[in-house]
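Before I ask anything, let me first share the structure, which is written out below as structure tokens.
The values are calculated or read from the model by the stated rules, or taken from the named source; none is laboratory data. Owing to the predicted nature of the structure, the values given are computational and were not obtained by experimental measurement. Positions of Cβ are backbone-derived with ideal geometry, glycine not excepted, and every protein chain shown enters the neighbour counts. Side chains included, ligands, DNA and RNA excluded: accessible areas come from the protein's heavy atoms. Shrake-Rupley method; radii C 1.70, N 1.55, O 1.52, S 1.80 Å.
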Amino acid sequence: VALFYEDGRPIDGKGVGRKVLDKVHETYKSELDGKEFAYDGEKSLFTVGALPRNKLEFTVVLDSMNSTRNNGNASPDNDTDKKRMRRSYQSKTFKVELSFAAKIPMQSIAQALRGQESENSQEALRVLDIILRQHAAKQGCLLVRQSFFHNDVKNFADVGGGVLGCRGFHSSFRTSQGGLSLNIDVSTTMIIQPGPVVDFLIANQNVKDPYSIDWTKLKVGNGEDFFPRNGRWNFNNKKIDEPFDVFEENPQNRRAPPVVRVEKMFDFIQSKLPGAPQFLLCLLPERKNSDLYGPWKKKCLSEFGIVTQCIAPMRVNDQYLTNVLLKINAKVKALPHMCTIKRGKTNLFKLGGLNSMLAVEHSPSIPIVSKSPTLILGMDVSHGQPGQSDVPSIAAVVSSRHWPLISRYRASVRTQSPKLEMVDSLFNKVSDTVDEGIMKEVLLDFYVSSAKRKPDQIIIFRDGVSESQFNQVLNIELDQIIEACKFLDDKWCPKFLVIIAQKNHHTKFFQPGSPDNVPPGTVIDNKVCHPRNNDFYMCAHAGMIGTTRPTHYHVLYDEIGFSADDLQELVHSLSYVYQRSTTAISVVAPICYAHLAATQMSQFMKFEDRSETSSSHGGTGVTSAAAVPVQQLPKLQENVCNSMFFC
């Protein structure tokens with residue numbers, strides 16, 4: 001489907017497409033052989049059987065598209081009103097092109113249930129999902145991805161700040177061991193309270209009138225033993241040394257641009273300190289997403305090699321301070337103790353820099369992993385906000401260090417072409433003898449930190465990909481990793497395990513005959529799992545509020561030969577080594593760290609001048625086959641690049 005205004009401009013507004021295609025169906029029913037449509041709202045339309053021709057062109061008129069700013073029947077009083085009124089009339093005539101794309105054999109669903117899955121089966125399931133969405137759209141529902149929301153006042157809840165919470169449903173078809181299943185789940189989205197923008201700003205900023213509105217404001221929002229209970233343990237009553245000194249920003253600098261404020265603050269700190277500090281705790285004047293965060297992190301980590309922790313406390317209590325100390329200790333080895341987590345209890349040992357370590361690491365007795373040098377990777381790609389087509393994507397790879405530990409990690413982060421889903425900088429051969437890819441960096445660090453042992457096994461946890469992209473992970477990303485290993489030593493052949501972790505799904509579990517959450521550590525690996533592929537659900541964490549959402553793990557490739565129990569035990573263990581928390585977390589720690597690293601490094605570029613960055617950091621890079629130049633991230637100083645700076 002291609003949609004255009006009368007003057008040939010492509011239509012980019014969401015929501016318009018459905019109205020236009022509905023009009024096409026209504027106006028040209030005979031030309032379309034009376035076919036019913038299932039339209040995804042963007043570029044794909046499905047019918048049962050073919051349309052009369054492979055390419056069809058239509059013109060339709062929508063009378064309801066004009067929404068003037070001049071309410072009522074009054075005529076405009078001045079030229080400004082006339083201009084506003086003219087601008088509000090978008091073209092009411094639309095051109096529609098329908099071009100044949102492909103045939104989707106629906107019998108592929110039955111074949112998938114018999115174990116003969118193909119790419120067609122994923123497309124066929126998508127067709128069924130779109131048919132459901134088409135039905136919901138005809139009923140006047142708001143559609144958000146695979147969720148739909150009825151326009152009923154009973155479904156809305158005022159959450160304050162001019163924002164409404166809207167309750168609805170998620171739906172998707174899935175193949176499972178029980179047959180073709182329809183997954184229905186409750187879903188919630190946020191919408192702006194309908195009405196004038198000024199009324200929203202008054203409510204959002206909690207002011208009395210328009211004159212009080214602040215118009216400039218990878219904003220809305222606000223020997224000692226431990227016994228873990230329900231996946232949690234406690235680190236209260238631990239403390240660190242007093243700070244060397246406290247420095248406050250000169251009030252005269254507070255109206256300067258963020259980069260200038262950071263420069264002046266650093267100059268002031270340097271003038272007062274006898275040497276480079278080990279650590280800087282920064283109290284931001286606003287929330288953590290303040291404009292100072294990115295420039296401050298870049299200055300500390302990239303230019304000076306100083307580990308830093310930023311805080312913007314709204315309310316300080318013991319739990320808040322404990323969480324901050326956990327993050328600091330993971331970065332700078334500040335706390336005097338760490339704990340080892342066992343089944344049912346945790347033992348405390350002196351070992352700075354780690355807040356917790358599994359007893360099976362300390363032994364070491366992790367199945368398969370402890371017997372042979374094993375590298376664990378967590379990989380993720382984050383993208384700019386919707387509509388930011390020129391913002392580079394951020395690829396982050398975190399890697400384990402100091403085998404046989406599985407609690408210590410470092411991060412390698414690169415920019416790549418906007419919206420590119422696969423990590424394309426794992427192997428980057430720039431000459432016959434030089435590889436500048438991420439994996440070389442990772443493999444050399446593992447070798448140095450693990451008593452000069454190469455990994456015999458490499459376990460890859462990948463986040464952020466859908467079922468339709470699984471083959472790309474193997475054919476693009478795994479191939480790069482294998483090439484990087486061969487480039488270092490062509491006789492070296494480590495074994496690989498590739499696992500996809502998915503949180504963005506709508507499968508939830510409850511205890512039999514009860515609405516209570518399942519206990520932490522629950523694994524589901526039959527009945528609702530894939531009829532053929534190796535997958536399982538794990539609820540590693542305790543759901544204290546609401547319904548626990550498990551992580552869905554898909555094993556794409558296993559040369560190592562894990563048994564189901566051993567692999568699930570490893571995944572469970574990796575949910576307990578997240579150094580920012582005193583609870584088990586919902587997904588393995590390497591993936592969480594990849595999220596953190598990508599988010600933190602993306603802040604480096606937020607206030608960069610592109611031309612300045614290009615000249616001072618080696619220019620722009622080409623990171624995809626499409627040869628799209630992207631802004632490069634600044635390199636971190638050596639004394640922080642192998643730390644857990646991202647915590």
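Go through segment 436-483 and give me each residue that's aliphatic (A, V, I, L, M) and farther than 18 Å from Pro590 by Cβ.
Residues satisfying the conditions are Leu444, Val448, Ala451, Leu474, Ile476, Ile482.
To continue, here is another question. Just wondering, is there one or more residues in segment 584-600 that are open to solvent by less than 10 Å² (accessible area, probe 1.4 Å), hydroxyl-bearing (Ser, Thr, Tyr) and modelled with pLDDT under 90?
Within segment 584-600, none of the residues are open to solvent by less than 10 Å² (accessible area, probe 1.4 Å), hydroxyl-bearing (Ser, Thr, Tyr) and modelled with pLDDT under 90.
Please enumerate the residues belonging to segment 455-482 that are under 27 Å from Pro404 (Cβ atoms) and part of a helix (DSSP H, G or I).
Step one: of segment 455-482, the residues under 27 Å from Pro404 (Cβ atoms) are 455-463, 473, 477-478, 480-482.
Val473, Glu477, Leu478, Gln480, Ile481, Ile482 - these are the residues of segment 455-482 that are under 27 Å from Pro404 (Cβ atoms) and part of a helix (DSSP H, G or I).
Just wondering, is there one or more residues in segment 208-218 that are closer than 30 Å to Ala396 by Cα, at pLDDT below 90 and touching a strand residue (DSSP E or B) at 6+ places or on another chain (Cβ under 7 Å)?
Within segment 208-218, one or more residues are closer than 30 Å to Ala396 by Cα, at pLDDT below 90 and touching a strand residue (DSSP E or B) at 6+ places or on another chain (Cβ under 7 Å).
What number goes with the only condition from (1) crowded, with 18+ Cβ neighbours inside 10 Å; (2) within 26 Å of the chain's Cα centre (by Cα) that Pro494 does not pass?
Answer for Pro494: the failing condition is (2).
Do we find that Ile406 is over 24 Å from Met601 (Cα atoms) and crowded, with 22+ Cβ neighbours inside 10 Å in this structure?
Working: over 24 Å from Met601 (Cα atoms): no; crowded, with 22+ Cβ neighbours inside 10 Å: yes.
Taking the combined requirement at face value, the residue does not satisfy it.
Restricting the search to segment 527-557, which residues are of a type in the set (Val, Ile, Thr) and exposed (fewer than 15 other Cβ atoms within 10 Å of the Cβ)? Walk me through it before giving the result.
From segment 527-557, those of a type in the set (Val, Ile, Thr) are 528, 545, 547-548, 551, 555; that's our starting set.
Hits for segment 527-557 are Ile545, Thr547.
Taking segment 95-109 as the region of interest, how many residues are open to solvent by less than 50 Å² (accessible area, probe 1.4 Å) and more than 28 Å from Val20 (Cα to Cα)? Talk me through it step by step, then tell me what you get.
Let us first name the residues in segment 95-109 that are open to solvent by less than 50 Å² (accessible area, probe 1.4 Å), namely 96, 98, 104-105, 108-109.
After this cut, where a residue has to be more than 28 Å from Val20 (Cα to Cα) as well, the list is 108-109.
Residues meeting the conditions: 2.
Check segment 445-458 and report whether any residue there is in contact with a helix residue (DSSP H, G or I) (Cβ under 7 Å, 6 or more places away or on another chain), more than 23 Å from Phe646 (Cα to Cα) and among the acidic types (Asp, Glu).
Looking for residues that are in contact with a helix residue (DSSP H, G or I) (Cβ under 7 Å, 6 or more places away or on another chain), more than 23 Å from Phe646 (Cα to Cα) and among the acidic types (Asp, Glu), one finds none in segment 445-458, hence no.
Report yes if Ser407 is in contact with a Ser or Thr (Cβ under 8 Å, 6 or more places away or on another chain), modelled with pLDDT of 95 or more, under 21 Å from Phe645 (Cβ atoms) and of a type in the set (S, T, N, Q), otherwise no.
In short, no.
Could you please tell me which pairs satisfy a Cβ distance under 7 Å, a separation of 6+ or placement on different chains, a first residue in segment 554-582 that is among the aliphatic types (A, V, I, L, M), and a second residue that is part of a helix (DSSP H, G or I) and surrounded by fewer than 21 Cβ atoms within 10 Å (Cβ to Cβ)?
Filtered contacts from segment 554-582: Leu556/Phe470; Leu556/Leu474.
Still on this structure: Within the bounds of segment 558-566, is there any residue that is closer than 30 Å to Glu361 by Cβ, crowded, with 19+ Cβ neighbours inside 10 Å, modelled with pLDDT of 75 or more and touching a strand residue (DSSP E or B) at 6+ places or on another chain (Cβ under 9 Å)?
Among the residues of segment 558-566, at least one is closer than 30 Å to Glu361 by Cβ, crowded, with 19+ Cβ neighbours inside 10 Å, modelled with pLDDT of 75 or more and touching a strand residue (DSSP E or B) at 6+ places or on another chain (Cβ under 9 Å), which makes the answer yes.
Looking at Val423, Val448, which is the one that is open to solvent by 50 Å² or more (accessible area, probe 1.4 Å) and modelled with pLDDT of 90 or more?
Answer to the selection: Val448.
Would you please list the contacts, defined by Cβ atoms under 9 Å and residues six or more apart or on different chains, that run from a residue in segment 1-26 that is of a type in the set (Gly, Ala, Ser) to a residue that is at pLDDT 80 or above and surrounded by fewer than 17 Cβ atoms within 10 Å (Cβ to Cβ)?
Ala2/Pro10; Ala2/Lys43; Ala2/Glu97; Ala2/Ser99; Gly17/Glu42; Gly17/Lys43
Out of Lys419, Lys452, report the one residue that is part of a loop (DSSP other than H, G, I, E, B) and in contact with a His (Cβ under 7 Å, 6 or more places away or on another chain).
Lys419
Hey, could you check segment 454-469 for residues that are open to solvent by 10 Å² or more (accessible area, probe 1.4 Å) and over 17 Å from the mean Cα position of the chain (by Cα) and say which is farthest from His505 (Cα to Cα)?
So, considering only residues that are open to solvent by 10 Å² or more (accessible area, probe 1.4 Å) and over 17 Å from the mean Cα position of the chain (by Cα), the one farthest from His505 (Cα to Cα) is Lys454.
Among the numbered criteria (1) hydrophobic (A, V, I, L, M, F, W, C); (2) in contact with a Ser or Thr (Cβ under 9 Å, 6 or more places away or on another chain); (3) at pLDDT below 85, which single criterion is violated by Trp296?
(3)
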